[in-house]
1. Being under 19 Å from Lys156 (Cβ atoms), out of contact with any Ser or Thr (no Cβ under 7 Å at 6 or more places or on another chain) and among the hydrophobic types (A, V, I, L, M, F, W, C): is that true of Ile28 here?
2. Looking only at region 62-97, which residues are farther than 15 Å from Leu134 by Cβ and among the small types (Gly, Ala, Ser)?
3. Against the definition (in contact (Cβ under 8 Å) with a residue 24 or more places away in the chain and not in a loop (DSSP other than H, G, I, E, B)), how does Gln68 come out, yes or no?
4. Please indicate, with yes or no, whether at least one residue in region 88-98 is outside any helix (DSSP H, G or I), out of contact with any Leu (no Cβ under 8 Å at 6 or more places or on another chain) and among the basic types (Lys, Arg).
5. Could you figure out which of (1) of a type in the set (Lys, Arg); (2) free of Cβ contacts under 8 Å to residues at least 60 places away in the same chain; (3) over 14 Å from Leu138 (Cα atoms) isn't true of Lys35?
6. Looking at (1) at pLDDT 80 or above; (2) assigned by TED's automatic domain parsing to the domain that holds Ala70; (3) not aliphatic (A, V, I, L, M), which one does Asp117 not meet, given that it meets all the others?
7. Those residues that are closer than 23 Å to Glu133 by Cα, outside any strand (DSSP E or B) and among the aliphatic types (A, V, I, L, M), I need them from region 1-49; list them, please.
8. Tell me yes or no: at least one residue of region 161-173 is surrounded by fewer than 10 Cβ atoms within 10 Å (Cβ to Cβ), modelled with pLDDT of 80 or more and in the same structural domain as Lys35 (by TED's automatic domain parsing).
Amino acid sequence: MRKFKAYSVEEYLKIIKAKSINRKIIEIHLHHTWKPTKQQYLKSENKELVIFGMYKYHISLGWIDIAQHATISPDGFIWSGRDINLEPASIKGHNENAFAIEILGNFDIEGTGEYNDMGYDELEGLQLQSTIELIKGLFEIFDTERLVFHNEYSNKTCPGTSIEKGKFLRLLKPHWAEKYFVNLNRKGIVIHERRFDDPLKRGEFFAVLNQYLKPE
């Protein structure tokens, strides 16, 4: 049986750094599994079998191995996948210089058929944190900042209609004002939204100034 192993982000990146990589990687491709869903993974008593199920399906398509190099599960672990020195079965015509990541879950807001009755998943918590940390780490290792959503090269919705690329990229590279936002909130000066580039309304300015001055 093909074996798969779960790692923390730190452990996985350490393994990648130690690998002898014989192909140039300039793009990180981001996908979602669609199926299995987060709940199917979390309810499974044997999490490795969930990853193995994807492997069996990919093999049935005639692929040499599981399609992706890494799978990010809802509990924040990074599951091993295809050898990094092998091109992924990621996006047709764009695999040569790619590293493929699958986020385990269905992140489409709307779907079709029986599966849609199960609702959709949200990218949040440990899974979101691991996704961001993994991509940042891979950017550093491969000396690139090129992140590609599957839907940029195809008519698919992958990695899910609930994941907006602009917002996702801001998580990878926070706005210059992010540190001030965090600091003010820590001091009890509450600003509810990270709308850093929006015009400041007079009422909003007065509200923030009022919190800062803390009048009697």
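1. Details: under 19 Å from Lys156 (Cβ atoms): yes; out of contact with any Ser or Thr (no Cβ under 7 Å at 6 or more places or on another chain): yes; among the hydrophobic types (A, V, I, L, M, F, W, C): yes.
For Ile28, the condition - under 19 Å from Lys156 (Cβ atoms), out of contact with any Ser or Thr (no Cβ under 7 Å at 6 or more places or on another chain) and among the hydrophobic types (A, V, I, L, M, F, W, C) - is met.
2. Of everything in region 62-97, those that are farther than 15 Å from Leu134 by Cβ and among the small types (Gly, Ala, Ser) turn out to be Gly62, Ala67, Ala89, Ser90, Gly93.
3. Working: in contact (Cβ under 8 Å) with a residue 24 or more places away in the chain: yes; not in a loop (DSSP other than H, G, I, E, B): no.
The answer is no for Gln68.
4. Checking region 88-98: at least one residue is outside any helix (DSSP H, G or I), out of contact with any Leu (no Cβ under 8 Å at 6 or more places or on another chain) and among the basic types (Lys, Arg).
5. Result: Lys35 passes all but (2).
6. (1)
7. Val9, Leu13, Ile15, Ile16, Ala18, Ile21, Ile25, Ile26, Leu42
8. Yes, there is a match, as at least one residue in region 161-173 is surrounded by fewer than 10 Cβ atoms within 10 Å (Cβ to Cβ), modelled with pLDDT of 80 or more and in the same structural domain as Lys35 (by TED's automatic domain parsing).
The values are calculated or read from the model by the stated rules, or taken from the named source; none is laboratory data. Keep in mind the model is a prediction, meaning the values are calculated, not measured. When we count neighbours, we look across all protein chains shown, and the Cβ atoms used for this are built from the backbone with ideal geometry, even at glycine.
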